[in-house]
Amino acid sequence: MAEAEGQEHPKQKGDTTASLLSVISSQQSSAESVKQFLTLINEIDKVTSTVERISFSNHLTHFKLIEVDNQMAEKFIQGSKLVFRGDRYGFASLCTTDETYSVKEVETSNTMLLIESLGGGNEVGDKENLHIEERKVLGLAQHYLQLTFVPKPSSSKLRDLLRANELALNWNEQPEDSEKGVTFEDLLDSVQMSENQLKKALESMPVIKHNGKLRWLSNDLRSEILSRVIDYFDDPSTQESAEKFSPENIRSILSQNMPATAFEWFLSAMAEPVNSENGMYHIIDSSFVRARASQYLQTVARITVAAFEEAMNMMLPIGIALNYDYLRGICLIEGSITGKFISYLSSEDLPGDPRERLQILFDKKQQWKSEEISAFLADICTEQRAIDSLLLAQCRSFTDAQEVRKKIKNSSSPPVCFECNKVEEKPKDDELWVCVTCGQAACSEHSAKHTTANRTGDPHSIFYKKEANLLRCNSCEADLQPSEDFSNDKVKEFLNDMKSFVINSTNKKPKQEKEKPVKNAQNASEENGEDVKEAKGNGIKGGKANDRVAVKKQNALSNGGNSLLPARGLPNLGNTCFYNSVMQCVMHTHQLVHYLQWFGRVRSVHVPTRTLLVNEEKIQLEEVNLQISPEDCPLNDALRSFIAEFQHGSAPSPSPLFSQISRKSPRFKGWQQQDAHELLRCLMDGLRSEEMEMCKTAIAKHLHVPNKNSIKNVDPVIVKQAKGYLQACGRPLLDAIFGGTLMQTIRCSECGHISERQEQFLDLSLPISSNPMRANAGGQQLSAHQIKKAKKTRRQQTKQQVAKGNASSNLIGEVGRMSLEDREESSEDRDADTEGEGQSAEESEQEQDNMKIATDPADFTKVLVPAPAEYSNGRSVGNCLLEFTAEELLAGANAYECEKCCAPVNKKSGATGNKKKRVAALKRYLILEPPTVLTLHLKRFQQVAGGFYGRSTTRKIGGHVHFSLQFNIAPFCSRNVERITPGSRSILYSLYGVVSHSGDLGGGHYVAYVKSRHRVQQALQFIEAARASCVDGLSFPPTLPTLTLEQNPADAQSPDGQWYYCSDSHVSLVSENKVLNVEAYILFYERIL
């Protein structure tokens, strides 16, 4: 038998000594102080020392220990009833009369011993006179039971047991029904809750005692009970109302074909005594409305709110009105474009696991108010604080502190209100809040508007205040306080992380660097031994700190590589889906990386002596070197940061760039729905204007004119010179990416003179129209031969009318802009009706290849190659471009003043206004310089006449317009097209971005489809060819050779990659077939041949 080290304590001799020792022991005195005390009172000789020896019994017992608190231990001592409840399929619970504790077995690393009562104290007295007492170890354990208080046990199991014993409406017609039911004792043995908790749960359920057993009242039976009560109150002969009635009268109407205890259920669940009248009751409005609404909603799947309110007015008695506050926790109200709908959703039918329940709730509805969702959690959380902690733990808009730190670190310094910054205003107050979801800074007023703005995806409700280290939920209009009672408290965890971040960032001392003033661009380049562009970055004003930031961003772009970057979602800032969809396509425009690397490097522009035509007037320019000074370019800088973040593989913050766009275009201020194409145009115009503003400053300095001076105060001659120099500077660098040139030609019908005019474009807006000649007046479909014959006859009639000079207003009314079928006229004329002549397509192609590129102006009116036949039929982008490039008849009120045959006559006769000589003419647009990136805008929003009071209205042209992954624009280019390999007949583009709009003018949503792909190998050659006419190209002539044909058009392949669907922050993979079937609004193509 093993022995343990003994404990020694004094053994009392005599009652007096024992009493004294008892008092001293209660004061927790040491053994030495007791010995001194006994010696002082001469009682030391009456005390002997006792040693307790611990030994293990031969028969050890394995037992279970229960960890209890003082309150529970006191209940044990007082003999309270403690019962373990639960079955083999559930968790065990320890229940008292009033409380329930969940039981969990916990393992410990120590071995616990069960020993008889031990004494205490140390040695007192002589060791020679020791008294030894032996204590046995009766058992040992390495596990114990841990109890956790359950404030509100789940009643789902109880509800299932009772519903299995439902009492139906026709209960008296089913003899076997009398055997059903459960007793209170049966429920105690099955459910895991205390007796009093079980009684309280039964009181809140539609349960009655029938034939000595508990039964669940069916929905039909409860509906019948309430219907009888309503009929009684609504009966004109009834003197009572829902506000005051005698229970005996209700008992009488419920006595027929009803269980005897149905009346007791109604009186306890639906009514309560009237304080002022003894024996009288009144209906509890909330309980009655809730019961009737629940019964009705369970019979309908989903109904409009208006229809629901109408039905409830018929189902409620006089004096009781519908109140939606009564319905919390039993219904779901959703809003959509078509109206509001209500459906049945009860917390009783939701799972007991909090995470599963929240998942179901947020799947049904993305945004909840705190009081709405709390009603669905009240049965599993007893306190609002517990609900708040649960919501924050699962809140979809509550991001990690690490992400918010990144957003705050990358935000402007000092941070400013996103909305106030759009109009360069100071915030309304000094309180700035940061949205935890998107990182946007806002003042108090605009943070509230940011939360309520319409958006897709997660709500933006929670804001963080850095100075106070405070979180606030705008939806609940309450500050979020950390809780000490919950270990997994997200608020506490978030605030602690942010507090540590704020302290560390505040304690960091900024490095003091002495800035050297830059006298001019030439001196700066001499000092640094390199071009200012490498140190300055991109036209940003001086300062080494800014230099380092610019170089860092420059490196981020240059190190982007050619790896496939997955699409990243952009949070909706409030009705900004139009912005997000466009920026997804801009992010995936690889060619912009070159633009951002080169932007701002120009420091001087050489303008040789030349003569330019400005507003149809010749201007003589002197040779000059314009000195370009770096200026602030906030929009370009914001775009650079935006693209650099994406190139690094992270989701860029949309706020800074959108803020800069809004400052230049106030129409985007606020959270109104906007047009995606207008946003794209404003972005492009803003980027170009910042570069041209530097050229304007240099020109104003050269002409000794203040740059900001009003044009009215400047000599008109100097104004024309300034316009001439600005034109001589070339196009902005952005045009090397998106810029192209259209050739407008107008052919006179009398003298045949052709006037030419070039027009720059960044995108092409294409009309969408049907094929009007596909059907005759009777609506029948015409054959291809009939269409061709009708076209030939119509052309002959038009030529005859023009030759007679009778192209009057009736002709322009009929023809206006030549129809879809007339667009192929020039190509058909050139082909000399190949179908009739019998000429093969190969012979026609060979004839064109043998032709030399002519300089005849007439060639500008002819296309490079004929359009494919499929472009003439159906809705397609090719069809839209055919209409865009079709010849337009100028006649009648739109007749043309020919510069060769009309202008001299009018000048000689002095004719003005309507007396001027004008002739009919044909106007046409063709592409002269194809862009590196071709952006096509389909004009789906058009103004039509016929509105109220004769005003025009806007309508959307819906439906699919066919587009392809590869697109050859050669049929829409002039025969003298530039930026093309000599001898080539193909100008091929590959699709990489689509912006689509769903909905109508009243409300809709923009999404984007983008392709993550490898970069085009020849992209830099296309950019260099376009850059030759830009400011950058005039200062840094292209070093790459001219375009060469490195592959056959048939072998040209689109870059490999993967398509993504982007709807604000939601991103998912999508197939090419899905992309080709969307209703496109803006198409982005990159040139590959």
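The values are calculated or read from the model by the stated rules, or taken from the named source; none is laboratory data. Values in this document were obtained by computation on a predicted structure and should not be read as measured data. Note that each Cβ is placed from the backbone with ideal geometry, even for glycine, and that neighbours are counted across all protein chains shown.
Of all residues in the stretch 190-230, those satisfying the criterion of being polar (S, T, N, Q), more than 46 Å from the chain's Cα centre (by Cα) and at pLDDT 85 or above are SER194, ASN196, SER227. For the stretch 347-369, the tally of residues that are more than 21 Å from the chain's Cα centre (by Cα) and polar (S, T, N, Q) stands at 1. Of all the numbered requirements in (1) surrounded by fewer than 21 Cβ atoms within 10 Å (Cβ to Cβ); (2) at pLDDT 80 or above, ASN615 misses one, and that requirement is (2). Taking the criterion of being in a loop (DSSP other than H, G, I, E, B) and farther than 21 Å from GLY752 by Cβ, the residues of the stretch 869-906 that qualify are ASN873, GLY874, ARG875.
Look at the stretch 568-582 and say how many of its residues are over 20 Å from ASP735 (Cβ atoms) and either touching a Leu at 6+ places or on another chain (Cβ under 9 Å) or assigned to a helix (DSSP H, G or I) (or both).
First pass over the stretch 568-582, keeping only residues over 20 Å from ASP735 (Cβ atoms): 568-581.
Filter again for either touching a Leu at 6+ places or on another chain (Cβ under 9 Å) or assigned to a helix (DSSP H, G or I) (or both), leaving 576-581.
Here the count works out to 6.
When the residues of the stretch 440-456 are filtered to those that are modelled with pLDDT under 75 and surrounded by fewer than 19 Cβ atoms within 10 Å (Cβ to Cβ), the one that is nearest to the chain's Cα centre (by Cα) is THR456.
Restrict the check to the stretch 1022-1038 and report whether at least one residue is modelled with pLDDT of 90 or more, surrounded by 15 or more Cβ atoms within 10 Å (Cβ to Cβ), in contact with a helix residue (DSSP H, G or I) (Cβ under 9 Å, 6 or more places away or on another chain) and not aliphatic (A, V, I, L, M).
In the first step, residues of the stretch 1022-1038 are kept if they are modelled with pLDDT of 90 or more; the result is none.
Looking through the stretch 1022-1038, none of the residues is modelled with pLDDT of 90 or more, surrounded by 15 or more Cβ atoms within 10 Å (Cβ to Cβ), in contact with a helix residue (DSSP H, G or I) (Cβ under 9 Å, 6 or more places away or on another chain) and not aliphatic (A, V, I, L, M).
In the set (1) at pLDDT below 70; (2) part of a loop (DSSP other than H, G, I, E, B); (3) touching a Phe, Trp or Tyr at 6+ places or on another chain (Cβ under 9 Å), THR382 fails one condition alone, (3).
Per-residue answers, yes or no, for (1) within 26 Å of ALA1080 (Cβ to Cβ); (2) over 47 Å from the mean Cα position of the chain (by Cα); (3) at pLDDT 90 or above:
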{"residue": "THR855", "(1), (2), (3)": "no, yes, no"}
{"residue": "ALA867", "(1), (2), (3)": "yes, no, no"}
{"residue": "ASN894", "(1), (2), (3)": "no, yes, no"}
{"residue": "PRO931", "(1), (2), (3)": "yes, no, yes"}
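Look at (1) in contact (Cβ under 8 Å) with a residue 60 or more places away in the chain; (2) more than 20 Å from SER294 (Cα to Cα) and you find that ASP363 fails only one, number (1). So which of GLN359, GLN367 is at pLDDT below 75 and either charged (D, E, K, R) or out of contact with any strand residue (DSSP E or B) (no Cβ under 8 Å at 6 or more places or on another chain) (or both)? Matching residue, one of GLN359, GLN367: GLN367.
Does MET258 qualify as being surrounded by 15 or more Cβ atoms within 10 Å (Cβ to Cβ) and in contact with an Asp or Glu (Cβ under 9 Å, 6 or more places away or on another chain)? It is true that MET258 is surrounded by 15 or more Cβ atoms within 10 Å (Cβ to Cβ) and in contact with an Asp or Glu (Cβ under 9 Å, 6 or more places away or on another chain). Could you tell me whether any residue of the stretch 1011-1019 is under 30 Å from PRO654 (Cα atoms), at pLDDT below 90, of a type outside the set (Val, Ile, Thr) and assigned to a helix (DSSP H, G or I)? Yes, because at least one residue in the stretch 1011-1019 is under 30 Å from PRO654 (Cα atoms), at pLDDT below 90, of a type outside the set (Val, Ile, Thr) and assigned to a helix (DSSP H, G or I).
Condition check ((1) more than 21 Å from LEU82 (Cα to Cα); (2) of a type in the set (Lys, Arg); (3) in contact with a Gly (Cβ under 9 Å, 6 or more places away or on another chain); (4) buried (at least 16 other Cβ atoms within 10 Å of the Cβ)) across all residues:
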residue: ASN172; (1), (2), (3), (4): yes, no, no, no
residue: MET193; (1), (2), (3), (4): no, no, no, yes
residue: ILE225; (1), (2), (3), (4): yes, no, no, yes
residue: SER237; (1), (2), (3), (4): yes, no, no, no
